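Report on one structure; see the data block that follows.
The values are calculated or read from the model by the stated rules, or taken from the named source; none is laboratory data. Since the structure is predicted, the reported quantities are computational estimates derived from the model, not experimental observations. Cβ sites come from the backbone with ideal geometry, for glycine too, and all protein chains shown count toward neighbours. When the accessible area is computed, the model is the full protein with side chains, heavy atoms only, and any ligands, DNA or RNA have been set aside. Shrake-Rupley method; radii C 1.70, N 1.55, O 1.52, S 1.80 Å.
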Amino acid sequence: MSAAHDTPLALIGYPPETARALRELGLTALSVPTEPLADVLAACAALGAPGALVAAAQQGSVLSAAHPDTAATRAGSADALSFAGGQHGQPSRANATHTLPDALLDALEDSGYPVRGANALIVGQAGDLGAGMALTRLGLGSLTLAAASRPEAEALARDLPAGFRAQFTARNDPALVTLAERADLIVLTAGTLPPGVLQPFHALLDLTGRAGGAATRAGASLVPLARLPDLRLARRLSHATGQRFAPDALTALARLLP
């Protein structure tokens, strides 16, 4: 981790103690107001702040005041902003990103789970499914997307790689259990898993942190994601500051920055 930026990193929606925790890591940070958000972001950019970390409660609202990248657009939210490109004293529209998809790929590679060639079923909601769909970059063999409705799932087809094999269904479709039997990997990005989906031969990638009990009862294995918060925070800080951060040094801080 390199030296702190001259102008504090902005913290949107976080309490002052979060700024103090960042200072212990050598980063100058400042909690800023959340309203009026567009004016706050403009002020941060004009003052030369490198970027901002955005708390969960504000991650949807920042998009209207920023330039979202593809990941942020798909998720409908952003967890980190960068003001890079603007000059000191000149307001610059923030560049917004959503780091979960890339951090998830980092965590999977760290876990050693063999994604290449696997058949995956991803269960969630439209905005959350994008994180699971990032697995296509690791060589999934096939993919089934289950959203609140089939049309909602089908709307995500535009985000899949050209020629990629995928099926679309609703999470309450009775056929979901049969579709799950063809999968090796079950990915839960939001909500709960419908009854009967998990089987002993499945591996479960649980992004909600609440399905471990269901996996145990079904005899399914859990893909370890213990380092995901650290890996994600490293990516958020990198986007917001332009610096590189070692995930292993961020474990305690990641618990304060959901």
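Taking Thr18 as the residue in question, decide whether it is open to solvent by less than 20 Å² (accessible area, probe 1.4 Å), among the β-branched types (Val, Ile, Thr) and either closer than 16 Å to Asn95 by Cβ or part of a helix (DSSP H, G or I) (or both). Break it down stepwise before answering.
On the way: open to solvent by less than 20 Å² (accessible area, probe 1.4 Å): yes; among the β-branched types (Val, Ile, Thr): yes; either closer than 16 Å to Asn95 by Cβ or part of a helix (DSSP H, G or I) (or both): yes.
Yes: the conditions hold for Thr18.
What do you reckon, is Gly163 over 17 Å from the mean Cα position of the chain (by Cα) and on the phi > 0 side of the Ramachandran plot? So Gly163 passes the test.
Taken as a whole, the condition of being of a type in the set (Asp, Glu) and farther than 19 Å from Arg244 by Cα does not apply to Asp79. From the list Thr169, Thr136, pick out the single residue that is under 30 Å from Gly51 (Cα atoms) and open to solvent by less than 40 Å² (accessible area, probe 1.4 Å). Exactly one of Thr169, Thr136 is under 30 Å from Gly51 (Cα atoms) and open to solvent by less than 40 Å² (accessible area, probe 1.4 Å), namely Thr136. Taken together, the residues in segment 70-94 that are open to solvent by less than 60 Å² (accessible area, probe 1.4 Å) and modelled with pLDDT of 90 or more amount to 12. What is the one condition in (1) open to solvent by 20 Å² or more (accessible area, probe 1.4 Å); (2) touching a residue at least 24 places away in the same chain (Cβ under 8 Å) that Thr97 does not satisfy? With respect to (1) open to solvent by 20 Å² or more (accessible area, probe 1.4 Å); (2) touching a residue at least 24 places away in the same chain (Cβ under 8 Å), Thr97 is out only on (1).
So which of Leu41, Leu63 is surrounded by 24 or more Cβ atoms within 10 Å (Cβ to Cβ) and either at pLDDT below 95 or assigned to a helix (DSSP H, G or I) (or both)? Walk me through how you get there before you give the answer.
On the way: Leu63 fails: surrounded by 24 or more Cβ atoms within 10 Å (Cβ to Cβ).
Just a single option satisfies the conditions, and that option is Leu41.
The conditions of being at pLDDT 90 or above, touching a Pro at 6+ places or on another chain (Cβ under 7 Å), farther than 16 Å from Gly191 by Cβ and not polar (S, T, N, Q) are not met by Ala103.
Of the residues that make up segment 22-33, is at least one of a type outside the set (Gly, Ala, Ser), under 17 Å from Ala234 (Cα atoms) and open to solvent by 60 Å² or more (accessible area, probe 1.4 Å)?
Looking only at segment 22-33, we keep the residues that are of a type outside the set (Gly, Ala, Ser), and these are 22-25, 27-28, 30, 32-33.
If we keep only those that are under 17 Å from Ala234 (Cα atoms) as well, we get 22-25, 27-28.
Narrowing further to those that are open to solvent by 60 Å² or more (accessible area, probe 1.4 Å): 23-24.
So far as segment 22-33 goes, yes, one or more of its residues are of a type outside the set (Gly, Ala, Ser), under 17 Å from Ala234 (Cα atoms) and open to solvent by 60 Å² or more (accessible area, probe 1.4 Å).
Residues of segment 143-166 being part of a helix (DSSP H, G or I), crowded, with 17+ Cβ neighbours inside 10 Å and among the hydrophobic types (A, V, I, L, M, F, W, C), which ones? Result: Ala153, Leu156. For the residues Val223, Val197, the requirement of being surrounded by fewer than 21 Cβ atoms within 10 Å (Cβ to Cβ), among the β-branched types (Val, Ile, Thr) and within 21 Å of Leu129 (Cα to Cα) singles out Val223.
If I ask for residues that are part of a helix (DSSP H, G or I) and either under 22 Å from Gly191 (Cβ atoms) or in contact with a strand residue (DSSP E or B) (Cβ under 9 Å, 6 or more places away or on another chain) (or both), which ones from segment 112-142 would you list? Result: Ala126, Gly127, Asp128, Leu129, Gly130, Ala131, Gly132, Met133, Ala134, Leu135, Thr136.
Looking only at segment 44-57, count every residue that is in a helix (DSSP H, G or I) and surrounded by fewer than 20 Cβ atoms within 10 Å (Cβ to Cβ) and tell me the total. The qualifying residues number 3.
Residue pairs whose Cβ atoms lie under 7 Å apart, separated by 6 or more positions or on different chains, with the first residue in segment 142-170 and closer than 16 Å to Thr70 by Cα and the second open to solvent by 30 Å² or more (accessible area, probe 1.4 Å) and charged (D, E, K, R), are Asp159/Arg74.
The listed residues are Arg210, Arg182, Arg244, and the only one of them that is farther than 28 Å from Ala146 by Cα, open to solvent by 20 Å² or more (accessible area, probe 1.4 Å) and not in a helix (DSSP H, G or I) turns out to be Arg244.
Screening the candidates Leu228, Leu205 for the property of being in contact with a strand residue (DSSP E or B) (Cβ under 8 Å, 6 or more places away or on another chain), open to solvent by less than 60 Å² (accessible area, probe 1.4 Å) and farther than 30 Å from Gly48 by Cβ yields one hit, Leu205.
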